[in-house]
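Have a look at the structure below before the remarks.
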Amino acid sequence: MDHYNNSLSSILDIHAPLKTRTVNFTRSAPWYTNQHRAMKRSGRVLERAYTTSGLTVHKLAYREHQKSYAKALSSASCVPITPQQ
């Protein structure tokens, strides 16, 4: 069994060797703030409430929140960002 595992490992190393990758976690949209993340999170809560209950009240609350979230995103993304020194 040990010989089998070693031979498979050596074949795998030849045909598909391990490669190291560096990952950069920079934010792609600097205007997307923690406030936007919180709004999106609360929108998901409203969405789950609407889909599980199907009530009109939850539907209206979810739609209203989505409108305000979209408005906040569009207003934030249009503001020019000054580079920090």
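Eight or more residues apart or on different chains, and alpha-carbon atoms under 23 Å: count the Lys pairs in the chain matching that. Please list the in-between numbers first.
Numbers: LYS40/LYS59; LYS40/LYS67; LYS40/LYS71; LYS59/LYS67; LYS59/LYS71.
Total qualifying Lys-Lys pairs in the chain comes to 5.
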(request) Treat each spin label as a single point 7 Å out from the Cα along the C-beta direction, and report the VAL45 to TRP31 distance in nm. (result) 2.7
(message) Cut-off 20 Å, label point 7 angstrom out along Cα-to-Cβ of VAL57: give me the residues of the stretch 18-46 whose amide nitrogen falls inside.
(response) 42-46
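Taking loop as defined by DSSP and a crowding limit of 13 other beta carbons within 10 Å, which chymotrypsin sites (Phe, Trp or Tyr not before Pro) in the stretch 1-54 fit? Intermediate values should be presented prior to the final figure.
Working: sites: TYR4, PHE25, TRP31, TYR32, TYR50; in loops: PHE25, TRP31, TYR32.
Filter output for the stretch 1-54: PHE25.
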(message) Only sites in a loop by DSSP and with at most 14 other Cβ atoms within 10 Å count here; which trypsin sites (Lys or Arg not before Pro) in the stretch 3-51 make the cut?
(response) LYS19, ARG21, ARG27
(request) First check a/c for the chain, with a ≥ b ≥ c the square roots of the eigenvalues of its C-alpha gyration tensor; if it is under 1.5, answer rounded, and if not, answer prolate when a/b is larger than b/c or oblate otherwise. (result) oblate
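No value in this document is a laboratory result; all are computed from the given coordinates. Only a predicted model underlies this, so the values are computations on that prediction, with no experimental measurement involved. All Cβ positions, glycine included, derive from the backbone under ideal geometry; neighbour counts span all protein chains shown.
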